[in-house]
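For reference, the structure is listed below as structure tokens.
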Amino acid sequence: MTKRDTLARRDTVADPSEAVDQLSPVGTGAIWRLPVTVCRINQFLGERTAGALLERAIAAAGDASKPSMIRDREVVPDVRRSRSCQDFAAPELLAAIDEVLEAVEHTLGVSCRYTEPHYSLNLHNDGDFYRPHQDTSAEFAPRRLLTFVYYLHRTPRPFDGGELRVFDAAMPLHTGTTGKWAERTWRDWAPEHDSIVFFRPTAWHEVRPVSCPSKQRGDSRFAVNGWLCSPDPAHRGNDASR
Ligand SMILES: O=C(O)CCC(=O)C(=O)O
Ligand SMILES: [Fe+2]
């Protein structure tokens with residue numbers, strides 16, 4: 001409740017001593033659950049383009065992948081276990097994202113004008129996971145405005161698990177905290193070949209553990225995962241008109 005709402009309600013209470021009791025008629029155990037919006041598009045690039053991108057991803061995974069980091073600088077295997085290729089290029093994916101961006105912005109309530117993409121290729125193989133996290137915070141990567149994750153895998157799907165779990169936002173009314181972990185609710189999204197999801201980087205999410213019996217790199221759960229980021233003024237050069 002905002003200060004303005006509080007004042008407005010107080011105006012209608014005759015005896016000011018009653019005001020405190022009447023501010024909230026909701027019990028102390030109440031939690032407001034707010035589902036987090038996810039935009040998901042299936043068959044995003046189409047069979048041929050997705051197949052070619054998967055072949056490139058499999059080739060890159062063999063040569064150039066390294067253990068994934070968190071906060072762009074630390075390998076912390078209890079939090080994140082996967083491999084990443086930082087210099088994987090997917091221009092066809094960026095072009096397709098551009099085509100749907102207006103609809104996604106509208107649905108998620110974000111504006112991505114003047115943003116630039118930053119992305120990498122990530123592979124989850126047997127036993128890999130990424131524990132619950134947010135993709136942005138005031139201290140870390142505050143310029144990320146929109147998260148996208150595009151999935152690729154061989155057919156038939158050579159792994160189990162690996163769902164993207166997106167947690168509902170929970171707002172306990174009386175504790176001033178973000179709620180007890182055990183009370184959280186969520187929705188799982190299957191990492192289906194040639195599908196993409198978009199959500200706000202502030203959403204809590206995780207990658208559920210993957211089981212990949214063959215343990216071969218090419219059988220991994222592949223994801224091109226990135227963000228549209230507002231430009232860093234420090235890198236803007238002399239072009240003040242952007
Ligand atoms: O692969 C996914 O489904 C999500 C990965 C993720 O959350 C991340 O890299 O920040
Ligand atoms: Fe993430």
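The values are calculated or read from the model by the stated rules, or taken from the named source; none is laboratory data. Everything quoted here is computed from the prediction, not taken from an experiment. All Cβ positions, glycine included, derive from the backbone under ideal geometry; neighbour counts span all protein chains shown. Remember, those area values only see protein heavy atoms, side chains included, never the ligands or the DNA or RNA. Shrake-Rupley method; radii C 1.70, N 1.55, O 1.52, S 1.80 Å.
A few notes on this one:
- Residue satisfying all of: in the range 61-96; more than 16 Å from ligand 1 (Cβ to nearest atom) and aliphatic (A, V, I, L, M); surrounded by the most Cβ atoms within 10 Å (Cβ to Cβ) among these: ALA96
- Filtering THR147, THR136 for residues that are within 14 Å of ligand 2 (Cβ to nearest atom), surrounded by 16 or more Cβ atoms within 10 Å (Cβ to Cβ), at pLDDT 95 or above and of a type in the set (S, T, N, Q) leaves a single hit, THR147.
- Where strands (runs of 3 or more DSSP E) sit wholly within the range 179-232, those with at least 3 residues that are more than 12 Å from HIS124 (Cβ to Cβ), open to solvent by less than 10 Å² (accessible area, probe 1.4 Å) and within 11 Å of ligand 1 (Cβ to nearest atom) occupy 195-199.
- Flag for PHE198 being at pLDDT 95 or above and of a type in the set (A, V, I, L, M, F, W, C): yes
- Selected residue [within 20 Å of PHE167 (Cβ to Cβ), among the hydroxyl-bearing types (Ser, Thr, Tyr) and in contact (Cβ under 8 Å) with a residue 60 or more places away in the chain] from SER82, SER120: SER82
- Residue count for the range 187-206, restricted to those that are near ligand 2 (Cβ under 9 Å from one of its atoms) and either in contact with a Pro (Cβ under 8 Å, 6 or more places away or on another chain) or at positive phi (or both): 2
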